[in-house]
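First the structure, in the form of structure tokens, and then the observations on it.
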Amino acid sequence: MTEPGTVLLDEARTPALHRLLALPGGLLRTARPRQWIKNVLVLAAPAAAGRLLSPHDIGQLALVFCLFTASAAAVYLINDAQDAEADRAHPDKRHRPVAAGRVPVGAAYATGAALAVLTPPLAALTCNAMTATLLTAYVLMQLAYCVKLKHVLVVDLVVVTTGFLMRAMIGGVALGIPLSRWFLITAGFGALFMVAAKRYSEALRMEGSGAATRSLLDAYTTGYLRFVWQLAAGVAVLAYCLWALEAGGVARGSLLPWRQLSMVPFIGAILRYAVFADRGSAGAPEDVVLHDRALAVIGAVWVALYALAVADL
């Protein structure tokens, strides 16, 4: 016969056991798996240099992808731990694991700190010192953004844009590929275009709604944010066209000027994305890219033409 005290003890232990078992899943959710698609940008520089065929290079890029994902996860964990109280008052963010109490604040801080501290040394051991330096700079910049810089007008746009640019750079840095100035300009202003379009869409949806918004978003006008994404789109297109035309005509052994032809889908992709920005429906860049079939087709055409240019076919 079971003692009454034993039953009560088991019942008390059950919720604690459930919380312990749910902790890994909660930490994983806090690391934002949906955001990991952004880290595919680590392939950008190696793809531009035609370095995606070697098994060694592919293995190294897979490692860099994991390291950057871990660094980004560290920032998400620390950010959610810091903002737990504020998130509980938000209609959507209150469902985040830390705000909802499924992940203790201390566990989020500890896991985030461990990832932030461990990824740079791992990058130095498995890649090179510059990769470790870039990861360290990314983590420090993003933590500064969480604490202070997200409240500074314009600087917040620059920091988020730089995060995307670092993703595009790190694959080339890890493989020792020289980064073209046109590549950096196109990637940087392309990222600014998407970031400003997202902020513009947020501001447009909130305008006149009377809903509570973060103070910095209120500080921007929709006219200013429209100017930023239009300017960034124009610079990105110009830089890409100058890079494509720099090669001249048809390369030796090629049937057609594939690099120059790739300007058409690139400009088409910018124009298609601008449709969503203008409507105020350009949310997270990965959501726009993944859920619009026309944009996916344009992107596939661009990839095909660019691959032909790299292969000199």
Point to revise | Whichever residue in region 41-61 is of a type in the set (A, V, I, L, M, F, W, C) and closer than 18 Å to T119 by Cβ and, among such residues, is surrounded by the most Cβ atoms within 10 Å (Cβ to Cβ) | key: V42
Exercise for review: Keeping to region 125-148, report how many residues are among the aromatic types (F, W, Y) and either modelled with pLDDT of 95 or more or under 11 Å from M166 (Cβ atoms) (or both).
Suggested key: 1
**Study point:** Some residue of region 189-198 being crowded, with 23+ Cβ neighbours inside 10 Å and over 22 Å from L238 (Cα atoms)
**Key:** no
Practice item. Please work out which residue is modelled with the lowest pLDDT, limiting yourself to region 205-251 and to residues that are in a helix (DSSP H, G or I), surrounded by 13 or more Cβ atoms within 10 Å (Cβ to Cβ) and of a type in the set (S, T, Y). Key: T222
Practice item. Give V64, V75 a once-over and let me know the one that is surrounded by 18 or more Cβ atoms within 10 Å (Cβ to Cβ) and closer than 17 Å to V160 by Cβ. Key: V75
Study note, to complete from the structure: (1) more than 30 Å from Y240 (Cβ to Cβ); (2) under 22 Å from the mean Cα position of the chain (by Cα); (3) in a loop (DSSP other than H, G, I, E, B) all hold for L52 apart from (1)
Point to revise | Unique match (being assigned by TED's automatic domain parsing to the domain that holds A123, without any contact (Cβ under 8 Å) to a residue 40 or more places away in the chain, closer than 20 Å to C127 by Cα and not polar (S, T, N, Q)) among L149, L165 | key: L165
**Study point:** Residues that are closer than 19 Å to Y76 by Cβ and either within 14 Å of the chain's Cα centre (by Cα) or touching a residue at least 40 places away in the same chain (Cβ under 8 Å) (or both), drawn from region 129-140
**Key:** L135, Y138, V139
Exercise for review: Mind counting the residues in region 257-313 that are outside any helix (DSSP H, G or I) and among the small types (G, A, S)?
Suggested key: 6
Review point. Can you tell me which residues in region 27-78 are of a type in the set (D, E, K, R) and in contact with a Lys or Arg (Cβ under 6 Å, 6 or more places away or on another chain)?
Key: D57
Study note, to complete from the structure: Of (1) surrounded by fewer than 21 Cβ atoms within 10 Å (Cβ to Cβ); (2) part of a helix (DSSP H, G or I); (3) in the same structural domain as A72 (by TED's automatic domain parsing); (4) modelled with pLDDT of 90 or more, G171 satisfies every one except (1)
Review point. What pairs can you find where one residue is in region 96-109 and within 11 Å of L23 (Cβ to Cβ), the other is aliphatic (A, V, I, L, M) and part of a loop (DSSP other than H, G, I, E, B), and their Cβ atoms are less than 7 Å apart, with a gap of 6+ or different chains?
Key: P97/V103; A108/V98
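The values are calculated or read from the model by the stated rules, or taken from the named source; none is laboratory data. Bear in mind that the values here come from a model prediction, so they are computed numbers and not experimental data. So basically every Cβ, Gly included, is an ideal-geometry build from the backbone, and we count neighbours across all protein chains shown.
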